[in-house]
Amino acid sequence: MGGDSAIEESEGVNVNINVRCSNGFKFSVQIAVDSTVSSFKDVVARNCDIPAEQQRLIYKGRILKDDQTLRSYGKATGSTIEESRLHDF
């Protein structure tokens, strides 16, 4: 209640997350906090035009792992995630 941005413990909570793509495009998406990073990448792919398997998502300096949920990283409404494209070497 104290005005902090902590995520509620109830299931089915949606959060609004800002995404900044490597091409400079920015957008916001509303998604369930219990969604996996992998499913979030699918949403990002539709907006950034970068396939999910070529994305690396970064939040507060941490690379997000596909099998983790957004909740596990403490995502709160208004959070910004950086997208960068993985390069083939």
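Derivation of every value follows stated rules applied to the coordinates shown; laboratory data play no part. Given the structure is predicted, the values throughout are model-derived calculations rather than measurements. We place every Cβ from the backbone using ideal geometry, glycine too, and count neighbours over all the protein chains shown.
Mind giving me the nanometre distance, one decimal, between the label points for R56 and S39, set 7 Å out from Cα along Cα→Cβ?
With each label placed 7 Å out from Cα toward Cβ, I get 2.6 nm.
Could you tell me the relative contact order of segment 14-85? Use alpha-carbon pairs under 8 Å, at least six residues apart, and round to a whole percent.
Working: 126 pairs, mean separation 32.0, N = 72.
Here the relative contact order equals 44 percent.
Residue by residue through segment 66-83, which ³J(HN,Hα) values in whole Hz follow from phi under the Karplus form 6.51 cos²θ - 1.76 cosθ + 1.60 (θ = phi - 60°), with glycine and proline marked x?
Karplus-based 3J(HN,Hα) across segment 66-83 equals 3, 8, 8, 8, 4, 4, 5, 9, x, 5, 10, 3, x, 5, 10, 10, 8, 10 Hz.
P(r) for segment 14-85: what percent of alpha-carbon pairs falls in each 10 Å bin, starting at zero?
Reading upward from the zero bin: 23, 64, 13.
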